[in-house]
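Participant: So that we are looking at the same thing, I have put the structure below in structure tokens.
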């Protein structure tokens, strides 16, 4: 394997255990462990912008609770289900059955499919169902009204006395605003947000992620020849604090080195890499835009705008300072 290939492999397989990720992971694992131990089930929702790391969180949970065989029978204590776009009352149970590896005939009615789903979940010993992209149920133009979708989730939880963990973009909250009974069965939303540049602790955590990536580049023989402060600030303009977008940027930066012998990576390389990365921050201040002024600090307001743009473009509320009560 060449140094460039090793770099790409290291970057693409890197999973950063950053503070916000670990906070959500540990809380969800505690909920899952409670469910598996037979304690009272709960409905947990994790809304967050695209690119914040929800998929990585689901993948980590899936690996932590793999399916097993007990007396020769398949046992799926924790099941991950991906909700399709334009989901219907019939597609919801079908998605669960497909996640269990069960094919169903298209002629089956929605009611019969729901009953089959409940039976198969019982047979598999499922105690926790993780729904990815549950916000598809409340997409614009969805064929399932929010009340009907939330009733379906409540019925599933009640029928099997199981824990549900719901991931999606922030509009998944419409499921809970439409159904008081679902709200009463649920924990308060665990908002998975990007790192806020106006919070020193959060910005320090974001900076640690950038530094960890930079160390991987240096270890492979491709040190990033951009001042750490500048790299952090410019990448923040790109990501708005989203670690998933930061990971995408680092993958593209590593990809640029595919045919390069070990050398220092420049500011110009960073400018080239972002051509293939979706800009998540504010469109009013683009990342790595200016050449020749790499050492100039990015003003705090521009970093703030990048963060706010990520939230508002994902229909998420901007957090409020706990002490002052003033919007951040």
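The values are calculated or read from the model by the stated rules, or taken from the named source; none is laboratory data. In this text the structure is predicted, and so the values were computed from the model without any measurement. Don't worry about glycine lacking a Cβ; one is built from the backbone with ideal geometry, like all the others, and counts go over all protein chains shown.
Participant: So, in segment 98-109, of the ones that are loosely packed, with under 15 Cβ neighbours inside 10 Å and either more than 23 Å from residue 68 (Cβ to Cβ) or without any contact (Cβ under 8 Å) to a residue 12 or more places away in the chain (or both), which residue ends up nearest to the chain's Cα centre (by Cα)? Before you say what the answer is, go through the steps one by one.
Facilitator: As a first pass, look at segment 98-109 and keep what is loosely packed, with under 15 Cβ neighbours inside 10 Å: 101-103, 105-107, 109.
From what is left, the residues that are either more than 23 Å from residue 68 (Cβ to Cβ) or without any contact (Cβ under 8 Å) to a residue 12 or more places away in the chain (or both) are 101, 103, 105-107, 109.
On the way: 101: 24, 103: 28, 105: 32, 106: 32, 107: 35, 109: 33 Å.
Selected residue: 101.
Participant: Can we say residue 190 is touching a strand residue (DSSP E or B) at 6+ places or on another chain (Cβ under 6 Å), surrounded by 16 or more Cβ atoms within 10 Å (Cβ to Cβ), in a loop (DSSP other than H, G, I, E, B) and not assigned by TED's automatic domain parsing to the domain that holds residue 92?
Facilitator: It is true that residue 190 is touching a strand residue (DSSP E or B) at 6+ places or on another chain (Cβ under 6 Å), surrounded by 16 or more Cβ atoms within 10 Å (Cβ to Cβ), in a loop (DSSP other than H, G, I, E, B) and not assigned by TED's automatic domain parsing to the domain that holds residue 92.
Participant: Pick from segment 157-172 the residues that are part of a helix (DSSP H, G or I) and in contact (Cβ under 8 Å) with a residue 60 or more places away in the chain: which of them is nearest to residue 33 (Cα to Cα)?
Facilitator: Initially, segment 157-172 is screened for residues part of a helix (DSSP H, G or I), giving 157-160, 170-172.
Pick out the ones that are also in contact (Cβ under 8 Å) with a residue 60 or more places away in the chain and you get 157, 170-172.
Numbers: 157: 17, 170: 26, 171: 28, 172: 25 Å.
The qualifying residue nearest to residue 33 (Cα to Cα) is 157.
Participant: Enumerate the pairs (first residue in segment 128-150 and more than 25 Å from residue 76 (Cβ to Cβ); second residue anywhere and assigned to a strand (DSSP E or B)) with beta-carbon separation below 9 Å, excluding pairs fewer than 6 apart on the same chain, so at least 6 apart or on different chains.
Facilitator: Every condition considered, the pairs that remain are 138/168.
Participant: Moving to a separate point now. Can you list the strands (runs of 3 or more DSSP E) lying wholly within segment 1-120 that have 2 or more residues being at pLDDT 95 or above?
Facilitator: Correct list: 43-47, 78-82.
Participant: Starting from segment 216-230, take each residue that is without any contact (Cβ under 8 Å) to a residue 24 or more places away in the chain and list its partners that are buried (at least 18 other Cβ atoms within 10 Å of the Cβ) and outside any helix (DSSP H, G or I), counting only C-beta distances under 9 angstrom and pairs at least six apart or across chains.
Facilitator: As it stands, the answer is 218/224, since those pairs meet every condition given.
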